[in-house]
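Taking it in order: structure first as structure tokens, then the write-up.
No lab work stands behind these numbers, since they all come straight from the coordinates. Nothing here was measured: the structure is a model prediction, and the numbers come from that model. Here the Cβ positions follow ideal geometry from the backbone for every residue, glycine too, while neighbour counts run over all protein chains shown.
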Protein chains: 2
Amino acid sequence: MLPESFVATNFDVAQLRTGCATCSLRELCLPVGLNDQEIEVLTEVTGHKRKVQRGGYLYRAGTKFQSLYAVKSGFLKTCILEEDGRQQVTGFHMTGELLGLDAISTELHTCDAIALEDSEVCEIPFAKLEKISSIIPSLMHHFHKIMSREIVRDHGVMLLLGGMKAEERLANFLLNMSRRLAIRGYSETNFNLRMTREEIGSYLGLKLETVSRAFSKLQEEAVISVKNKHIQIHDLQRLKEKMGNSSCTT
Amino acid sequence: MLPESFVATNFDVAQLRTGCATCSLRELCLPVGLNDQEIEVLTEVTGHKRKVQRGGYLYRAGTKFQSLYAVKSGFLKTCILEEDGRQQVTGFHMTGELLGLDAISTELHTCDAIALEDSEVCEIPFAKLEKISSIIPSLMHHFHKIMSREIVRDHGVMLLLGGMKAEERLANFLLNMSRRLAIRGYSETNFNLRMTREEIGSYLGLKLETVSRAFSKLQEEAVISVKNKHIQIHDLQRLKEKMGNSSCTT
DNA sequence: TCTTTTAGTTGATCTGGATCAAAACCTGAT
DNA sequence: ATCAGGTTTTGATCCAGATCAACTAAAAGA
């Protein structure tokens, strides 16, 4: 256990060291502000790195929850599979995002996490995270923000699924990808999708044919170019207008 | 601040006192296990009770986030209103449920919370909750579970909105109400809805006419009786079969 | 390399739910 | 009680997206 002096001070995030043990911390996307000593403590929380190859499971629905996972590199989807075999994608996850939050409630994973390309994650044993959270209030607070952000994100999807039409949904989806890639330093107008039309459809509540048609329509209108999985956005503004409303987040 | 001895002990929840200051704690649905001293501490967290009359706002989208609210009695909805005026209901909330979790991320409320009948809530200043959480690990852990449960619930709705058809959605909705009422000691087959067809529709991603027709259909099939807002479920089993799949939670 | 498999596009048709419209019903206010 | 508002039901029509089907293109294996 730690002296009280550890609790709550604010330093610059740039002080985060770059070694591997702390890599997951940045992925935990901690613009929290911690000093070196605190980082020392946090380092404890970091479990092993784990590689998951394309098509592999990071975890499966129904298995015991032990850890959250911060995506270090790669791209994953989470999906729930229903009795009848059909599966619904609940999210796509890229570098820096945290997986497994849904499992805290029951201590069982409620969905499958599957890598859509070779990926690397940092395991964050949840019990450790909680222990350290109670020592470093800013970490705890930040963790609460992350969970809350997930709720807000889900509400955005609910809005999309509840009210929008196919083209709006796709515009939303593309702009969401674009923004998240931009944040990570990639082009916001030029990127490769990692998922199939079917997976996009599953996420957006559409059939793959409808997704395909919506792509084609946007291309005819010269808003985007689609070449298989490669997307080029020609007119971000117009794409945004197509999105209509809706607060698409994360 | 508190002596370390406070941290993590397990007592029986029956020890929770029944005074008003602690009322919100049970609403926070804390099957956590706390001793009297700990309850003393927790009492601190409880803010004022607040009454919201039918049609009134508990909070509005865009306003500053300060507190969570535990529903003490009554019934509320949360909804996001889009630019174009149309609003989407993101949830219905009854006794014991916690509102405002979405606001932690941005420190602004992302939706409106409106009472559908005269209601009473306990205000839980979030900063205080966090402070005490770091002293009482079991409280922190339970709070994490509550947030996680909200995420799971939202995934359930996404599943519903993404793939199910009108009748399945309504069956889901009714069974969800039924279960939540049963938990609170009310009849699971005989209850009054507090919301309009339009609000149900908004929540389920359907138009009010479709909701009405789905009600009528279930009634024709003698699965339920509908008399205005009063619902009687005649055949729970058959209703469950109609629901198909989907993990309807909370 | 060629072959098989999987993913994506595009067309034709069908249908569940949206939309439009009207009537019946409740609720609350005067 | 009566009236005005909102809510619900039900019918008729329409259309966005599902479904079915055929074909093309790109990976993955041999």
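See the values below:
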read-out: Net charge over other residues, Cβ less than 10 angstrom from the Cβ of B:L175 (K, R count +1; D, E count -1); value: +3
read-out: Simple spin-label estimate for B:A127 and B:K229 in nanometres, 7 Å along Cα-Cβ; value: 3.8
read-out: Restraint check, B:K145/B:K229; A:K242/B:K207; A:K72/A:K145; A:K49/A:K131, Cα-Cα greater than 29 Å; value: B:K145/B:K229
read-out: Reach of B:K227 by Cα under 18 Å, taken over lysines that are not fewer than 8 positions away in the same chain; value: B:K217
read-out: Table column - 3J(HN,Hα) (Hz), the range B:227-237, Karplus curve with 6.51, -1.76, 1.60, x for Gly and Pro; value: 10, 6, 8, 8, 10, 10, 9, 8, 9, 4, 4
read-out: Using a Förster distance of 35 Å, the FRET efficiency for B:R60-B:E188 (Cβ separation, nearest 0.05); value: 0.55
read-out: Long-range amide H partners of A:Y59 with built H, under 5 Å; value: A:A113
